[in-house]
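Reading through the structure tokens given below for one structure.
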């Protein structure tokens, strides 16, 4: 109970600066902030709307942006209570003129900047991350992709090369590879599905598989291959051109790239127009900023669209 109370108080403190700023808004502050919004409470005549409660739940990471929040749920009631508490604390802080303190003014300005900056980012990303842009970048990536071969294979892992040779003779004599894998294989990960490894490209496999399976043909028995835990006999079932990743599977990475790319461009334009002066020197040996893993890998002066598509290569099973 004490821990829950502590977390709630922490959430109130985090939201207090924005609540004070909200208290300072001018006339018309009780109008619905969003189309179709619904009033759920009043605090000294000030309305709390469904959107206020949902925004608090998003800020605390309890729901994602755009996710629904049932007004009849316990979570909604808890978030509404926290919004009420924030407004009461903010109003009392104003009554005590805490909002006039220079430090309070700096913190309120910082909160104001964060909110407005976040709204600009949201609007900018909404323009960039559209279905048309996602599909366009996906199609571009497919045109640029160089596909190799992928193999579907099964394996039986045994203790010694001699055991591998004995099983090879059984398979060559007509015995079922799948049945022998279930009976004899030491590999728990594949034993009970008949040794099935699915489709894969050799470059994602351990070096021993990579070396042994290059140039393999469907129907071949290959081994013994030295693997962790013993020696493998591998049956190649199919060889085909590497299949492209489906759009739905590539979508999250494409969205991350489009988001990063658009915000990077926006900041570059804003910095180019602004006069930004750094008044401190970087410490010797200080680490440089590292861009996200999905950031475009462009050379200076290169056209981003031509080279910045995210790597969405992969194999399917």
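Values for this structure:
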| read-out | value |
| --- | --- |
| Filter result (under 30 Å from residue 99 (Cα atoms) and in contact with a strand residue (DSSP E or B) (Cβ under 7 Å, 6 or more places away or on another chain)) within region 43-87 | 47, 48, 49, 50, 53, 80, 83, 84, 87 |
| Any pair with Cβ under 7 angstrom, 6 or more apart, that starts in region 66-87 at a residue that is under 17 Å from residue 38 (Cβ atoms) and ends at one that is exposed (fewer than 13 other Cβ atoms within 10 Å of the Cβ) and modelled with pLDDT under 95 | 76/70 |
| Candidates 114, 152, 96 - the one that is farther than 30 Å from residue 266 by Cβ and within 31 Å of the chain's Cα centre (by Cα) | 152 |
| Lone unmet requirement of (1) under 30 Å from residue 258 (Cα atoms); (2) out of contact with any helix residue (DSSP H, G or I) (no Cβ under 6 Å at 6 or more places or on another chain); (3) touching a residue at least 24 places away in the same chain (Cβ under 8 Å) for residue 134 | (2) |
| Enumeration of residues in region 159-179 that are over 27 Å from residue 149 (Cα atoms), in contact with a strand residue (DSSP E or B) (Cβ under 6 Å, 6 or more places away or on another chain) and outside any loop (DSSP other than H, G, I, E, B) | 161, 167 |
| Residue match in region 204-223 (condition: touching a residue at least 24 places away in the same chain (Cβ under 8 Å), in contact with a helix residue (DSSP H, G or I) (Cβ under 9 Å, 6 or more places away or on another chain) and exposed (fewer than 14 other Cβ atoms within 10 Å of the Cβ)) | yes |
| Subset tally (residues that are surrounded by fewer than 13 Cβ atoms within 10 Å (Cβ to Cβ) and within 25 Å of residue 142 (Cβ to Cβ)) for region 224-242 | 3 |
| For residue 248: the one exception among (1) farther than 30 Å from residue 135 by Cα; (2) surrounded by fewer than 19 Cβ atoms within 10 Å (Cβ to Cβ) | (1) |
| Matching entry among 167, 157 (being more than 39 Å from the chain's Cα centre (by Cα), within 30 Å of residue 223 (Cβ to Cβ) and assigned by TED's automatic domain parsing to the domain that holds residue 235) | 167 |
| Evaluation of residue 129 against (1) within 26 Å of residue 270 (Cβ to Cβ); (2) loosely packed, with under 15 Cβ neighbours inside 10 Å (one fails), failing number | (2) |
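The values are calculated or read from the model by the stated rules, or taken from the named source; none is laboratory data. This is a predicted model, so every value here is computed, not measured. Ideal geometry is used to build each Cβ from the backbone, glycine not excepted, and the neighbour counts take in all protein chains shown.
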